[in-house]
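Just below is one structure, and these are the notes that go with it.
The values are calculated or read from the model by the stated rules, or taken from the named source; none is laboratory data. These numbers come from a predicted model, not from an experiment. Calculation scope for accessible area: heavy atoms of the full protein, side chains included, ligands and nucleic acids excluded. Shrake-Rupley method; radii C 1.70, N 1.55, O 1.52, S 1.80 Å.
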Amino acid sequence: MDLEIYDKTKDGVDQKYIDLVEDVLQFASKALELKDNTEMSVTFVNNDEIKEINSKYRGVDRATDVISFAIEDGDDDFPLIMDDEMAAEIPENIGDIFVSIDKVAEQAEFLDHSYERELGFLVVHGFLHLNGYDHMKQEDEDVMFPLQRKIMDDYGLKR
């Protein structure tokens, strides 16, 4: 998977956490059997910026931990017609995730687990949203949450 990671935080994110996000998302990509040329991005921000994003796009005037922006596909007014080989070569961009580094620290302390566990959990959660998983209805939650737990456990970030 082609993953772009951006750090827009005030103090910068330690490289070991950037590496963790890269590793866990590559692992999750393999678990979902995504094509190698799948594209997405992760942007690290602070609470003030994620609060702005949350307010602008969700109408919720507070900081949150992670926001996913999936790129919807399939409703093009002008679909491209191509053979299977050509279609397989075109990368699929699944979207973007924004993570509040401040919330990662706050929630890791509150939940009494490691910063790494919380960061991994949030990016996997956002990643699953980019891939069409949701938890608004109980039947959707019954699919998403066990998959999320399995990816985290298999990667080694158990609770």
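Points to keep in mind about this one:
- Per residue, the accessible area of the chain comes to 61 Å² when a 1.4 Å probe rolls over the protein heavy atoms.
- Bridge orientation summary for region 8-159: considering DSSP beta bridges with both residues in this region, about 40 percent are antiparallel.
- Largest first, the residues E33, E106, E141 sort by 1.4 Å accessible area into E33, E106, E141.
- The ellipsoid that matches the Cα gyration tensor of the chain has semi-axes, each √(5λ) in whole angstrom, of 27, 19, 17, with the longest given first.
- For the residues Y17, Y57, Y115, a GNM of the chain with alpha-carbon springs under 10 Å puts the largest fluctuation on Y57.
- Per the Debye formula on identical point scatterers at the alpha carbon atoms of region 94-159, with no solvent, log10 I(q)/I(0) at q = 0.11, 0.12, 0.24 Å⁻¹ is -0.26, -0.31, -1.10.
- The residues F110, F44, F69, sorted by heavy-atom accessible surface at 1.4 Å with ligands and nucleic acids left out, run F110, F69, F44 from largest to smallest.
- Cross-link partners of K51 among lysines (Cα-Cα below 21 Å; sequence separation of 8 or more within a chain): K8, K10, K103
- Each Cα pair under 8 Å and six or more residues apart adds its sequence gap; the mean of these over the residue count of the chain is a relative contact order of 25 percent.
- Membrane-span-like helices in the chain, defined purely by DSSP H runs whose alpha carbon atoms cover 20 Å or more axially and whose average Kyte-Doolittle hydropathy reaches -0.5, are 15-31, 115-130.
- Taking 0.36 nm per residue of sequence separation and removing the Cα-Cα distance, the D11/D140 pair yields an extension gain of 42.7 nm.
- Y6 long-range amide H proximity, modeled H, under 5 Å: V42, T43, F44
- Amide H contacts of K35 (H built 1.01 Å from N, under 5 Å, at least 5 apart or other chain): none
- Surface composition of the chain: carbon plus sulfur atoms contribute 47% of the solvent-accessible area (1.4 Å probe, protein chains only, all chains present).
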